[in-house]
Amino acid sequence: MANLTKKKQTTGRKKSTDSKAKGRSSTTWRIVGPGGELVSVIHTGMPSTYFLPEESKIVSKESHQTKGVLVFGQIKFMINYLGYSQQEMAEVLEVDPSTLSRWKKDGNPLGKIRSKAMYDMDQIIAKGVRIFGSEDSFRSWLDTSNYALGDQKPIELIKDPYGRGLVDNAIEAMSWGNLM
C-alpha cells in the first residue's frame, strides 16, 4: 500500500518551491510506494504570480541570491500584456523614461520597492486571469470603465499603489459572486 506525505508550499507559475513567498499556498502530496520509491506527485492550489517568478527564486545580475529583486527582463511580458508605453511604465516605477531604457539595455535590478510594485501587479493579474478564465477576458475587464471603481478603468488604477488595492478588492469581491 502506498503512503501519502503532505507538504505545504507556495507555488509559482511553472515550478514550485518550499519558500514562504507572499501569496496563495498550495499543498503537494507525494505518493510513496511500499519500497519508499516515489510513485506520484499531486499539486493543489493556485499560483500567486502569473508572469513573474516566485520572490524566493530571484537571482540578480550579479548572480547572487537577492530575495524579491527583479531585473527589467523579468517584467517585460507583464508590461506587454498590460500594453503600457515606456512613459507609462516609467510613471508606474517612478523613474525617468531614460532610466527605464538603461535598465532595459543593461539588465540592472529594479530595487526592492519597485520589484514589490511589480509583484503586486502580477498577483492582481494572476487572480484576475483565474477569476475571468482567460488573459483576454481579464484584459477586456481591465480596459472597461467600472462604476464600482469610480467610473475608472482598472488598467489605469493599477498604476498607483492605492489603485492596485481597489482593483484587487474588486476582483476579490467578484470571486465571491459580487457584480462589479
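Tabulated data
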read-out	value
Unique match (being of a type in the set (D, E, K, R) and closer than 18 Å to Tyr50 by Cα) among Asp136, Asp160	Asp136
In region 104-134, residue farthest from Leu179 (Cα to Cα) [restricted to those that are free of Cβ contacts under 8 Å to residues at least 40 places away in the same chain and part of a loop (DSSP other than H, G, I, E, B)]	Ser134
Residue check, Val92 closer than 30 Å to Leu179 by Cα, surrounded by 19 or more Cβ atoms within 10 Å (Cβ to Cβ), at pLDDT 90 or above and in contact with a helix residue (DSSP H, G or I) (Cβ under 8 Å, 6 or more places away or on another chain)	yes
Region 105-133, residues that are within 15 Å of the chain's Cα centre (by Cα) and closer than 14 Å to Ile171 by Cα	Asp120, Met121, Asp122, Gln123, Ile124, Ile125, Ala126, Lys127, Gly128, Val129, Arg130, Ile131
Lys61 vs. criteria basic (Lys, Arg), at pLDDT below 90, part of a loop (DSSP other than H, G, I, E, B) and touching a strand residue (DSSP E or B) at 6+ places or on another chain (Cβ under 7 Å)	yes
Lone unmet requirement of (1) at pLDDT 90 or above; (2) outside any helix (DSSP H, G or I) for Tyr50	(1)
Region 145-178, subset loosely packed, with under 15 Cβ neighbours inside 10 Å and in a loop (DSSP other than H, G, I, E, B), residue modelled with the lowest pLDDT	Asn178
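The values are calculated or read from the model by the stated rules, or taken from the named source; none is laboratory data. Just so you know, these numbers come straight off a predicted model, no measurement behind them. Because the Cβ atoms are built from the backbone with ideal geometry, glycine has one as well, and the counts that use them run over all protein chains shown.
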